[in-house]
Structure formats: structure tokens, C-alpha cells
Ligand SMILES: Cc1cc2nc3c(=O)[nH]c(=O)nc-3n(C[C@H](O)[C@H](O)[C@H](O)COP(=O)(O)OP(=O)(O)OC[C@H]3O[C@@H](n4cnc5c(N)ncnc54)[C@H](O)[C@@H]3O)c2cc1C
């Protein structure tokens with residue numbers, strides 16, 4: 001017998017889980033909703049952990065929802081390590097928790113996100129000054145270690161140093177955050193350029209150059225062969241080229257993978273993430289999934305992979321919530337990546353296909369200046385991807401071109417040259433775009449129609 | 001909800017809407033002080049595209065299902081469930097520009113306010129968050145090229 005029963009059980013207290021819970025409550029005022037998380041915190045913006053370390057937000061301001069969110073929506077929130085879900089029994093409709101309790105559910109949502117991938121590097125395991133950078137607790141530990149390292153280093157009159165392994169978005173955001181506390185930040189990257197998944201070689205090279213004045217040195221093409229330790233402390237890293245870097249702490253940020261073990265052990269189908277249908281239902285009865293844990297179909301190139309981005313988790317959370325509350329019209333039709341990230345005063349926005357394969361027959365436009373770089377990838381007269389490094393203005397207009405498959409011939413040809421505008425669309429499309437829900441009894445002059 | 005619509009048929013590129021918006025969103029609500037004295041410099045949330053021959057004022061459409069809200073990583077951008085107004089809480093915004101990358105109209109900008117990047121956008125001249133006021137761009141438009149009318153959607 002389950003210790004507790006709930007009409008809806010949501011595993012995960014982040015973008016996807018919380019959005020689903022809120023959506024369910026809006027549709028179903030009476031059903032019982034239980035939301036569990038192994039992190040002991042009120043829902044916070046996960047991407048904000050680096051901003052917290054930099055002093056750009058506070059623990060209070062980074063709460064993603066108002067303090068009284070759970071009460072206001074009559075959600076039973078069980079938050080803390082003891083509430084980690086360890087087992088899922090799809091037949092019995094029951095989830096077993098670490099504290100020994102079990103929760104029976106009508107419908108369950110897996111919104112368990114990503115977990116860090118631990119690189120098999122000799123000497124990395126078991127060091128107390130090696131941190132991942134995924135959770136608020138990770139960030140607070142790394143922050144405290146950085147402050148301590150900085151103090152110690154200045155006492156002994158040397159530089160304080162961190163090695164970040166991995167130059168993906170998470171690694172670089174950690175590097176930026178720690179650069180406010182430490183003198184030398186070294187970022188290692190196995191690939192031949194930084195941010196390899198969201199940039200092309202030119203963009204990576206420019207970003208690397210722009211990061212340098214901030215004390216961040218990137219080493220593309222190099223990674224750690226071995227972590228050098230003294231007891232439980234990492235004190236340096238031997239690189240794949242044989243050189244050594246000293247360090248006070250290490251951030252391991254080589255990537256994340258879907259946190260799908262609960263469902264896998266219960267027999268759910270999975271590819272590169274949990275496989276779901278348009279309703280976001282997994283192969284297990286009454287078990288839905290949303291967010292980073294799900295494998296998404298990329299609408300631009302048909303590839304299947306997890307889309308570990310906040311807006312995607314929010315979007316899927318909304319759809320899963322509606323489905324779970326019985327609204328079968330809400331369907332998920334695939335997506336594509338839009339990345340927005342800032343480092344210091346550098347802005348980087350990218351979307352869609354950035355490094356097209358030869359056989360895709362794409363046309364590429366590039367507009368490069370000293371400190372900015374824009375790349376547009378077009379296929380069959382449509383925009384399918386862009387990089388905007390330090391050229392953010394009105395970028396969403398480009399995103400909409402990709403999303404809506406707009407025929408580029410119908411647009412002002414200067415739309416890519418500089419900031420895109422609404423006037424770049426032809427009259428009809430511009431009216432359509434800007435006048436949604438326009439009163440039916442007014443004409444385009446704003447006059448009541450003569451009958 | 002009531003929405004602002006721009007009618008390019010009547011727009012004469014005078015940009016008084018920009019002046020009115022900047023004045024309303026200043027500390028003193030005095031145009032001269034807003035333009036010449038205040039620091040941080042107040043910012044207009046409406047922007048006229050074009051020239052004397054063809055122009056149109058662009059501001060937030062307060063979408064039914066706003067992408068800026070769906071994408072916001074900090075919870076700063078919200079749509080009021082009752083009034084429909086989309087607003088940004090600058091104490092929460094970290095200036096990441098996800099909203100800029102998602103707004104189909106270029107109606108959200110990120111500007112530096114006291115050295116911190118923050119998103120700004122039309123709030124329908126709200127005196128309290130989410131409660132629409134009397135949009136000053138509409139009040140000031142000499143030509144009825146901006147109208148504030150009950151729309152057909154939330
Ligand atoms: C440092 C960093 C910066 C980022 N920056 C950006 C950015 O700028 N833009 C962007 O779009 N994306 C960014 N991301 C990615 C973004 O944070 C994720 O895509 C998003 O958080 C996914 O949300 P989710 O709800 O799927 O899961 P997660 O946010 O991963 O949350 C998973 C939840 O499940 C809980 N959980 C997991 N397993 C269990 C279990 N067995 N039992 C109980 N609870 C469990 C966790 O405690 C947590 O509450 C960033 C990520 C990181 C780490």
C-alpha cells in the first residue's frame with residue numbers, strides 16, 4: 001500500500017515540472033497534485049546559478065515563482081534529498097522514495113532533467129575541490145571554494161586558479177562566474193574550438209578572443225589526461241599534450257545526459273532521451289515526460305536528440321500539464337534549438353542549423369566586423385539557422401522566420417545586413433503579424449466599416 | 001484585453017509616441033528632464049520603424065501565448081493571468097536576452113540600467129505591475145495612428 005496517494009505526481013521541481021503543475025491546476029481545480037524533488041530548494045532558475053556567483057541576482061530574486069506558489073496552487077511539494085524517487089512501478093502506479101515512503105498516482109510526469117556526465121579522467125574521482133555545475137548546491141560549493149582559494153592565494157602572494165573541463169555553455173558560464181573571484185581561468189576543450197555545438201570555427205575564435213581580456217584562457221584541442229592530487233585535493237591537471245596546469249579547484253563540465261534511469265529501469269523506451277509521442281506520453285502507461293529528459297525531433301533536420309534548453313522544458317511542461325489534465329488538443333510537434341547566452345558584455349544568440357552538412361545544399365551569408373559576427377544559413381529559400389555574436393537587436397524576428405518557414409523572397413533583401421525590422425515584411429504579412437486579435441468591426445484605417 | 005494597434009496608413013513618422021513613452025517611463029515624468037537630466041536615462045519602449053514615406057510604431061503585442069514568457073530563465077517575464085499584460089520584473093531579470101531571441105516583433109530590448117543589463121518592454125503604462133494604465137503613446141499620437149481598443153483575444 002502506498003503511503004500517500006495523489007491524482008497527479010510530478011517528479012522534478014524545475015522548468016518542466018513546475019510549469020506542468022501550474023497548468024494542471026489551471027485546468028483541474030480539485031485533483032491532488034504532489035511534486036517531488038531531491039533538491040531542497042523552492043523552484044529556482046537553474047541557468048541563474050552563475051549569475052548568483054557574480055552578484056547579478058540573489059537567492060531571493062532567483063526564485064522562479066513567488067514564495068507562496070505551492071500553497072497558492074494547492075500543490076503538495078516534497079523537497080529534499082529524502083524525497084528522491086528511487087523506483088517507478090508502472091503497473092501498480094507507484095513511486096518509491098528514498099525515505100521508504102511510496103506514492104501512488106493516477107498520472108505521473110517525469111521532469112527529472114539532466115545529470116552531469118562524468119568524464120573518465122584519471123584522478124578526478126573523490127577530490128573534494130572538483131565540482132560539477134548543475135545545481136544551486138553545486139554553485140554554492142564552487143563559490144565558497146573559489147572565495148577560499150582566492151584568500152589563500154593572496155596570502156601567499158600568488159594567483160588563484162581554476163581549471164574548467166569542457167567549454168560548452170555550462171563550462172563557459174561557470175568560467176565567467178568564477179572569473180569574478182579568481183585570477184586565472186583555464187578552459188579545456190576536447191574539440192578543436194570552444195562552444196562547438198552552437199558556434200562555427202569563426203564564431204568560436206572570436207568568442208575566445210573576446211573572453212581573454214576577462215582572464216579566461218581557452219585551450220581548444222586539449223583536455224585533461226590526469227588530475228594531479230595531494231590527498232583529497234586536486235592541485236593540478238596534466239593536459240593531453242603533456243603540459244601541466246596548477247589549480248585551486250576544478251569544474252567538471254563536459255556535458256549532461258538525460259536523467260532517465262528511473263524510467264529505464266521500469267522498462268521505458270529510450271533513444272538519446274526518453275521516447276515520447278505527441279502527447280508527451282512515454283511507453284509506460286500514464287507516465288508522461290517533459291524537459292531535458294526527453295528526446296525531441298529537430299524540425300529543421302529531422303535528427304532526434306534531447307533539447308536541453310529552458311524554453312523547451314517550459315513549453316513541454318505546459319503541454320504535458322494540459323494532456324495530464326485531460327486536454328488532448330495540446331500536442332508537441334518537435335522543436336529546434338535557440339540559445340541565448342551572455343558573457344560579460346558579450347551577447348551570443350544562435351538558432352537552428354549552424355554548421356550544415358555539405359549535402360544539405362545550404363547558402364551561407366556572413367557579416368563580420370571587428371567584434372561582431374553574424375552568420376545566416378539558408379536552404380531552399382528559407383532561413384534555417386543563425387549565429388549572432390554581439391548583434392542581438394530584434395533577433396526574434398529571425399527566429400520567427402525559421403519557425404514559420406517564411407519564404408525569403410517575400411522579404412526586403414537587406415533584412416540580414418543589419419537589424420531586422422517589421423517593415424522588411426511585405427504589407428500583407430506585416431499586417432497579419434502585427435494585428436492579431438484586431439477588432440473585427442474596424443478596418444485597417446481604424447474606422448468602423450460602413451455596412 | 002485592450003491592445004494597442006498601430007495603423008501605418010496614418011503614421012507620419014513624428015515619433016511623438018517615443019517621446020511620450022520615454023517621459024512616462026522616467027522618474028520625473030517631465031520630458032525635458034527625462035531627455036536631458038535623468039540618470040539612468042529613461043528608455044522608450046515603443047519604436048518607430050521607417051521614414052517619412054512609410055512608417056509604423058512597434059511595441060509589445062501582449063501575445064496570448066508569449067514566447068518571451070515561455071523562454072524567460074529567471075521568471076522575470078510574466079503574463080498577468082487576469083489582465084493579460086506582459087511585464088518584466090527588473091529585480092529578477094539578469095539580461096540574458098532569451099526574450100530578445102524569441103520575440104517575433106523585436107518588441108523587447110535589453111538595455112544597460114545602472115550598469116546592469118535589463119529587459120525593457122511596453123507595460124501599457126501600468127502604475128502597478130500588470131494593471132494597464134492609459135498608454136501615453138496612444139494619448140499623444142496626433143493622428144490616431146495608434147489606437148487602444150478592446151481586442152478579440154486574451
Ligand atoms: C549552469 C547552467 C546554465 C544554463 N543556462 C541556460 C540558458 O542560459 N538557457 C537555456 O535555455 N538553458 C540553460 N540551461 C539548461 C536549463 O537549465 C535546462 O534545460 C532546464 O533546467 C531543464 O529543465 P527540466 O525541468 O527539464 O529539468 P531540471 O532543471 O534539470 O530539473 C530536474 C528536477 O528534477 C529533480 N529530480 C531529478 N531526479 C529526481 C529523482 N530521482 N527524484 C526526485 N527529484 C528528482 C531535480 O531535483 C530537479 O528539481 C542551463 C543549465 C545549467 C546547468
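Obtain the radius of gyration and the Kirkwood radius of the range A:6-62 from its C-alpha atoms and give Rg over Rh.
Here the Rg-to-Rh quotient is 1.08.
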Rg and Dmax of the range B:1-53, Cα atoms only, in Å: 12.8, 36
Whole-Å semi-axes of the range B:64-121's equivalent ellipsoid (Cα gyration tensor): 18, 12, 9
Spacing of the two label points (7 Å from each Cα toward its C-beta) at residue A:412 and residue B:65, in nm: 3.0 nm
Radius of gyration and maximum dimension Dmax of chain B, Cα, Å: 14.9, 41
Peptides ranked, highest mean first, by Cβ atoms within 10 Å: ranges B:38-45, A:197-204: A:197-204, B:38-45
10 Å binning of all Cα-Cα separations within the range A:47-183, expressed as whole percents from 0 upward: 9, 29, 30, 21, 9, 2, 0
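Let me check against my output: what whole-number percent is the relative contact order of chain B, with C-alpha pairs under 8 Å and at least 6 apart? If you can, show how the numbers build up before the last one.
On the way: 304 pairs, mean separation 45.5, N = 154.
The normalised contact order for chain B reaches 30 percent.
Per 0.36 nm of contour for each residue apart, how much would the distance between residue A:436 and residue A:99 grow if the chain were fully extended, relative to their Cα-Cα spacing?
Numbers: separation 337, 0.36 × 337 = 121.32 nm, distance 5.15 nm.
Between residue A:436 and residue A:99, full extension yields 116.2 nm more.
Across peptide B:60-72, how many C-beta atoms of other chains are within 10 Å of each residue C-beta, on average?
On the way: counts 0, 5, 2, 2, 2, 2, 0, 8, 2, 2, 10, 10, 5.
The per-residue average across the peptide is 4.
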The range A:345-434, Rg to Rh (Cα coordinates; Rh as Kirkwood inverse mean 1/r): 0.96
Three semi-axes of the equivalent ellipsoid, chain A, Cα gyration tensor, whole Å, largest first: 37, 34, 20
Those residues of the range B:49-84 whose amide nitrogen sits under 19 Å from the label point placed on residue A:404, 7 Å along Cα→Cβ: B:49-50, B:55-71
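Rank-order A:426-437, B:105-116, A:177-188, A:126-137 by packing density, defined as the average count of other C-beta atoms within 10 Å over each peptide's residues, highest first.
A:177-188, A:126-137, B:105-116, A:426-437
Run the numbers for residue A:243 and residue A:269: contour at 0.36 nm per residue of separation, minus the present Cα-Cα distance, in nm. Mind showing how you got there, number by number?
On the way: separation 26, 0.36 × 26 = 9.36 nm, distance 4.39 nm.
Computed gain between residue A:243 and residue A:269 is 5.0 nm.
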Paramagnetic reach from residue B:111 in the range A:362-405 [backbone N under 18 Å; point 7 Å along Cα→Cβ]: A:392-395
Difference of contour (0.36 nm per residue) and Cα-Cα distance, residue A:205 to residue A:82: 39.7 nm
Å³ per residue enclosed by the Cα convex hull of the range A:130-254: 98 Å³
Distribution of pairwise C-alpha distances over the range A:25-100, 5 Å bins, in %: 3, 13, 17, 18, 18, 16, 8, 4, 1, 0
Label-point gap, in nm, between residue B:82 and residue A:359 - each point 7 angstrom along Cα→Cβ: 5.9 nm
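Looking only at other chains, what is the average number of their beta-carbon atoms within 10 angstrom of each beta-carbon in A:412-425? The partial results should precede the final answer.
Values: counts 0, 0, 0, 0, 0, 0, 0, 2, 1, 7, 12, 8, 1, 0.
Other-chain Cβ atoms within 10 Å of each residue's Cβ, averaged: 2.
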Residues residue A:30 and residue B:51, FRET efficiency given R0 of 45 Å [Cβ-Cβ distance, rounded to 0.05]: 0.20
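What number in nm² do you get for the range A:307-347 if you take the convex hull of its Cα atoms and divide its surface by four?
Values: hull surface 14.2 nm².
Across all orientations, the range A:307-347 yields a mean hull projection of 3.6 nm².
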Cβ-based exposure ranking for B:103, B:21, B:11, in which fewest neighbours within 10 Å come first: B:11, B:21, B:103
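At R0 = 51 Å, how high is the FRET efficiency between residue A:371 and residue A:68 if r is their beta carbon distance? Nearest 0.05 is fine.
On the way: r = 45 Å, r/R0 = 0.88.
Once rounded, the FRET efficiency stands at 0.70.
How well do other chains shield peptide B:104-117, expressed as the mean number of their Cβ atoms within 10 Å of each residue Cβ?
Mean number of neighbouring Cβ atoms from other chains: 4.
Quick note: the coordinates plus some simple rules give every number you see, no bench work behind them. None of these values were measured; they are calculated from a predicted model. Glycine also receives a Cβ, built like all others from the backbone with ideal geometry; neighbour counts cover every protein chain displayed.
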